[in-house]
1. Can you give me the distance in nm between label points at Arg393 and Asp249, each placed 7 Å from the Cα along the Cα-to-Cβ direction?
2. Compute the angle between helix 70-89 and the longest alpha-carbon principal axis of the chain, please, reported from 0 to 90 degrees and rounded to the nearest 10.
3. Rounded to two decimal places and with Rh computed the Kirkwood way over Cα pairs, what is Rg over Rh for the chain?
4. Once the piece of chain linking Lys74 and His271 is laid out straight, how much longer is it, given 0.36 nm per residue of separation minus the C-alpha distance between them?
5. Where does helix 334-347 land angle-wise versus the long Cα axis of the chain, in degrees 0 to 90, nearest 10?
6. For region 221-237, in order, what is each residue's ³J(HN,Hα) by Karplus, 6.51 cos²θ - 1.76 cosθ + 1.60 with θ = phi - 60°, in whole Hz (x at glycine and Pro)?
7. Across region 154-264, what fraction of all alpha-carbon pairs, as a whole percent, falls in each successive 5 Å bin from zero upward?
8. Hey, what do the phi angles of region 2-17 turn into as Karplus ³J(HN,Hα) couplings, whole Hz, using 6.51/-1.76/1.60 and θ = phi - 60°, x for Gly and Pro?
Amino acid sequence: MIARLDAPDYDRWAAQIRRTGGCRQPINIRGTVTHVDPATGKRLHTYTTHTEPGGILRLPCKTRRASRCPACAKTYRGDTYQLIRAGLIGGKGVPASVSEHPCLFVTLTAPSFGLVHTRREQGGKVSPCRPRRDARPCPHGRVSSCIARHTGDDPQLGEPLCPDCYDYTGSVLFNATASLLWARFADALRRRLATVGGLRLCELRQHLVVSFAKVAEYQRRGVVHLHAVIRLDGPDGPPSPPPPWATSDVLTTAVQGAALAVSVRISTTAHDPVQVLRWGRQLDIRPITTNGGLSEQNIAAYIAKYATKAAECFGTLDHPIRPLEDLDALGLRDHPRRLIAECFRLGALPRLAELRLTHWAHMLGYRGHYSTRSRRYSLTLGQLRTIRMDHVRQQEIATGHLPLFSDDTPLKVARWRYVGRGLPAGDAVLADALTGGSVAAVEGVSA
């Protein structure tokens with residue numbers, strides 16, 4: 001730390017750290033960027049990392065996981081918020097008239113795989129977990145009843161009342177097929193809308209487009225459920241209104257029917273019975289309005305919050321787990337440890353090889369992306385990042401760090417080499433202090 005503070009290039013190093021936004025594991029690269037006039041071949045401008053502290057340029061890791069890098073996850077969360085909100089009320093290139101299109105906030109839940117401890121609250125009063133007067137012991141000798149009033153941070157929440165009765169196989173397979181269930185739900189939704197409009201499915205796109213944005217959330221019991229914003233547009237997307245018959249009530253009825261109609265049939269071995277996986281009975285459908293009720297700010301913030309979270313919030317790890325690792329040595333609770341062990345067991349079966357359960361064991365079988373959108377919902381993350389890069393480039397030109405070229409765009413030749421990631425311990429303490437870390441946090445890292 002002292003050596004870094006006394007270094008003559010400390011100011012430039014501090015500027016790099018601030019530019020990364022406080023990234024915990026910045027990407028370290030070396031190289032050069034040369035701007036060449038394509039007509040004459042003359043070199044116009046050259047940037048090299050040789051003049052940077054340590055000959056390294058530090059870039060943010062841009063991960064979405066808050067458990068790995070809170071700073072980069074905050075940026076990802078903010079971008080997701082802007083994307084979702086633009087698809088609800090317009091902005092960022094999306095017309096404001098999109099707020100008049102039928103739009104619903106839909107929650108697709110998972111079915112029950114066994115009784116788990118839960119927290120029930122009504123009118124500000126916490127009710128007993130699962131009280132039963134005539135509760136009988138299960139085949140394993142455990143009583144399926146709990147009269148405790150769990151707190152919000154009780155580690156027992158989500159744990160099965162009887163782990164031996166809990167359907168770990170069904171839970172893992174549901175996570176593994178949740179993306180397929182969503183795809184079939186979207187197809188069924190389009191078919192039902194086409195039926196209401198008196199159209200064939202191949203003709204629906206000429207009259208109506210279903211746009212959506214969804215995010216996956218892990219429940220305490222370790223299964224995912226999906227939150228989705230579903231909107232109806234005209235054939236040209238957000239700029240065009242849907243046909244008059246495509247109303248919020250029609251969309252609600254179509255969502256209800258599609259959620260009940262779809263299923264996935266799967267069997268672990270040739271001799272085992274086929275399991276039929278469906279969405280849970282709890283289907284939540286709410287209209288999104290701009291004049292009270294469920295507002296676009298609440299929806300955008302809710303989806304953005306879960307876009308940076310994953311199974312590690314449930315109690316697993318945020319990196320892949322090898323099958324030969326000792327699960328008992330990882331410090332996991334019993335319930336997630338059993339789910340991971342079930343992923344390894346099922347992943348070794350040839351019939352389920354395509355699910356890649358062994359690779360996705362740390363995600364409890366779920367292998368889909370957490371935040372996805374249809375093409376015409378709004379703009380993309382790439383477009384948002386391009387806007388941000390253009391803004392930074394204009395600032396660099398205004399402050400004299402980059403030259404202002406003529407109208408002819410120069411040819412840019414870049415050569416980069418990856419040389420590692422992260423910061424030394426002393427640099428990490430200073431970086432935390434520079435980007436707003438508390439004194440206690442700095443002292444803790446120093447210790």
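The values are calculated or read from the model by the stated rules, or taken from the named source; none is laboratory data. From a predicted model like this one, the values you see are computed outputs, not experimental measurements. Virtual Cβ from ideal backbone geometry, glycine too; neighbours counted across all protein chains shown. Areas reflect the complete protein model, heavy atoms only, side chains present, ligands, DNA and RNA absent. Shrake-Rupley method; radii C 1.70, N 1.55, O 1.52, S 1.80 Å.
1. Computed distance between label sites Arg393 and Asp249 equals 5.2 nm.
2. Here the helix axis deviates by roughly 70 degrees.
3. Details: Rg = 26.3 Å, Rh = 25.7 Å.
Computed over Cα atoms, the ratio is 1.02.
4. On the way: separation 197, 0.36 × 197 = 70.92 nm, distance 4.84 nm.
Gain in length upon complete extension: 66.1 nm.
5. Orientation of helix 334-347: about 90 degrees from the principal axis.
6. For region 221-237, the Karplus-derived couplings read 7, x, 10, 8, 10, 10, 9, 9, 9, 10, 10, 9, 10, x, x, 9, x Hz, x marking Gly and Pro.
7. The distribution over region 154-264 is 2, 11, 17, 19, 15, 11, 9, 7, 5, 4, 1, given as percents.
8. So the Karplus estimates, Gly and Pro as x, are 5, 4, 5, 5, 8, 5, x, 9, 4, 4, 5, 4, 5, 5, 4, 5 Hz.
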